[in-house]
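What follows is one structure encoded as structure tokens, with my remarks underneath.
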Amino acid sequence: MKRNDLKNESLYRDRYRILRKLGEGGSSMVYMGCDMESGKAVTVKVFKEGVLNGADIKNAVMEETALLQRLDHPDIPKVLAVYEDAFVLEHVHGNSLDKVLKAKGALPEKTAVQMGKELLKILTYLHGRKNPVIYRDLKPANIIVKPDGHVALIDFGAAREYCPGVGADTLNLGTCGYAAPEQYGSLGQTDVRTDIYCFGRTLMQMMAGGEKAGSKNEGNAIKAGRPKTVSPELRKILEKCTRPDRDDRFGSCREIGKALEGYPRAVAVRRLIQGVKAALIAAVLALGVTAAVSHYDTVRSYAAEDAKQRIPAVKERLGNAGLRIRAMLDEEEK
């Protein structure tokens, strides 16, 4: 049996019982397991043989776990055990945001913004470290929605620490539809603004529901404001997050957070102005109707008098026309 085919194996490294498969990436398999000593649920990430050779597997394990072991945040799972070809993490209970969107469709604006604020706090922690951590692969599949509705961030396989003075990333990593232009290479090293782009794309996806990220349908859904409660003020913030030139984006997650905190006021002002305009239009129409009703008798009297004067003249013209027709018929008989 191949090492990575764990579906029929009951144990992994003698301590962790494999319960079921959670997901699969290009180079790894992820399983839900149980720590037989503590009884707690765990996540086991096992790297694939054949996709990576032994040395690459070992390096991948070392790089990802070394980074995770330097992090300490309640919404980032901690490393519990490390092997040459796998490692074990705290298990985050819940469903991936990707599955939530596929099952329920587009999220309401309020819900999406609340999740976005929580993601910004995680990113702010990563970016605020002495050596800033650039996550580089923010997307619904890597976000866990817990039973209480709060979110956690998983899968740090694409994350890296920012290195001042380095011209470009060693590897171009990211997911199509979410990755920033600079992640495709030749545009310099990724930085905090790269994660800001991915953040904007992720929030767009939250409100586009099941539409494929980056697709025409998803773009149309956002532009149309689906669901209809999505405000133009929020779309403006997301548009700034996802500008192609990173210099045109927000400079930090704190700036986005400030914008998200302040935009409801702009929404309220716009709606107030719309309400005042609607009230003024209604008032003008009401005045017009009132004026018409108040002058109804005058208009009716004028019409009656006009008809009294016009009808005799019309009868006279009709009589004259009848006489001419009769004369013409008499002339024909002769």
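Summary table below
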{"item": "Residue list for segment 103-131, filter: assigned to a loop (DSSP other than H, G, I, E, B) and open to solvent by less than 30 Å² (accessible area, probe 1.4 Å)", "result": "G105, L107"}
{"item": "Residue list for segment 138-161, filter: out of contact with any helix residue (DSSP H, G or I) (no Cβ under 7 Å at 6 or more places or on another chain), open to solvent by less than 30 Å² (accessible area, probe 1.4 Å) and either of a type in the set (A, V, I, L, M, F, W, C) or not in a helix (DSSP H, G or I) (or both)", "result": "I144, A152, A158"}
{"item": "Test: residue in segment 207-225 that is modelled with pLDDT of 90 or more and crowded, with 17+ Cβ neighbours inside 10 Å", "result": "yes"}
{"item": "Search result, residues across segment 90-118 that are aliphatic (A, V, I, L, M) and without any contact (Cβ under 8 Å) to a residue 60 or more places away in the chain", "result": "V100, A103"}
{"item": "Failed condition for V100, given (1) open to solvent by less than 20 Å² (accessible area, probe 1.4 Å); (2) hydrophobic (A, V, I, L, M, F, W, C); (3) assigned to a helix (DSSP H, G or I); (4) closer than 26 Å to A208 by Cβ", "result": "(1)"}
{"item": "Test result for A60, touching a residue at least 12 places away in the same chain (Cβ under 8 Å) and within 18 Å of S96 (Cα to Cα)", "result": "no"}
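For every residue, the table says whether it meets (1) out of contact with any Leu (no Cβ under 8 Å at 6 or more places or on another chain); (2) at pLDDT below 90; (3) on the phi > 0 side of the Ramachandran plot.
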position	(1), (2), (3)
S27	no, yes, no
N53	yes, yes, no
L68	no, no, no
V82	yes, no, no
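The values are calculated or read from the model by the stated rules, or taken from the named source; none is laboratory data. In this text the structure is predicted, and so the values were computed from the model without any measurement. Backbone-built Cβ (ideal geometry, glycine too); neighbour counts: all protein chains shown. We work out accessible area using only protein heavy atoms, side chains counted, and drop any ligands, DNA or RNA first. Shrake-Rupley method; radii C 1.70, N 1.55, O 1.52, S 1.80 Å.
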